[in-house]
Amino acid sequence: AAQALACFEAVLAAVADDEDALYAAAAAAQACGRFDHAVTHYRALLALRPDHADAAIGLGVCLQETGDFDGALATYRAVLARAPELFPAVLKSLTTAARGRAWLRPSQLRRHLGLDD
């Protein structure tokens, strides 16, 4: 993953708005545990394609990994506002990234994700 990240970042140095390279660099950075790099690449991709659900979910996971739980929730809310059918994917990402450190009780989750009034 580290070699892939270096390759994709080399592509981005030449063509900063290459959507495929941005997504691949973000995923490779995430796989390497370089979550700050992944956040940067996911945000750059989402600036170009705000509807890229996979990038938004990846951003949420990486924000959790960096300790930005409020940012992660805001990201997940934005995903669900665009595509409520992605609730299972968001829930899986949120709980997987939490690795037992979930800051929300299950009864609070739907409210915090903006699904209950």
| note | Ranked output for segments 14-22, 28-36, 53-61 by mean other Cβ atoms within 10 Å, highest leading, reads 53-61, 28-36, 14-22
| note | With all protein chains present, the stretch 1-104 has a carbon and sulfur share of its accessible area (1.4 Å probe) in percent of 56 percent
| request: Please determine, in degrees from 0 to 90 and to the nearest 10, the orientation of helix 87-98 with respect to the longest principal axis defined by the Cα atoms of the chain, where the helix direction is its Cα long axis. | output: 80 degrees
| remark: Scoring the stretch 1-107 by relative contact order with C-alpha pairs under 8 Å, at least six apart, yields a percentage of 18 percent
| request: Provide the FRET efficiency to the nearest 0.05 for the ALA81-ASP20 pair, computing r from the beta carbons and using R0 = 22 Å. | output: 0.30
| Read-out P(r) over Cα pairs in 5 Å bins from 0, in percent, derived from the coordinates shown; its label in [x] 2, 11, 19, 24, 24, 15, 5, 1; [y] 2, 12, 24, 28, 22, 11, 2, 0; [z] 2, 13, 23, 22, 18, 11, 6, 3, 1, 0 | [z]
| task | Tell me what the chain gives for mean residue ellipticity at 222 nm when only DSSP H runs of n ≥ 4 count, each as -39,500 (n - 2.57), the sum divided by the residue total, rounded to 500 deg cm²/dmol. | result | -23000 deg cm²/dmol
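The values are calculated or read from the model by the stated rules, or taken from the named source; none is laboratory data. Predicted model only: the values in this text are computed from it and were never measured. FYI the Cβ positions are ideal-geometry reconstructions off the backbone, even for glycines, and counts take in every protein chain you see. What goes into the accessible areas is simple: the full protein's heavy atoms, side chains included, and nothing from ligands, DNA or RNA. Shrake-Rupley method; radii C 1.70, N 1.55, O 1.52, S 1.80 Å.
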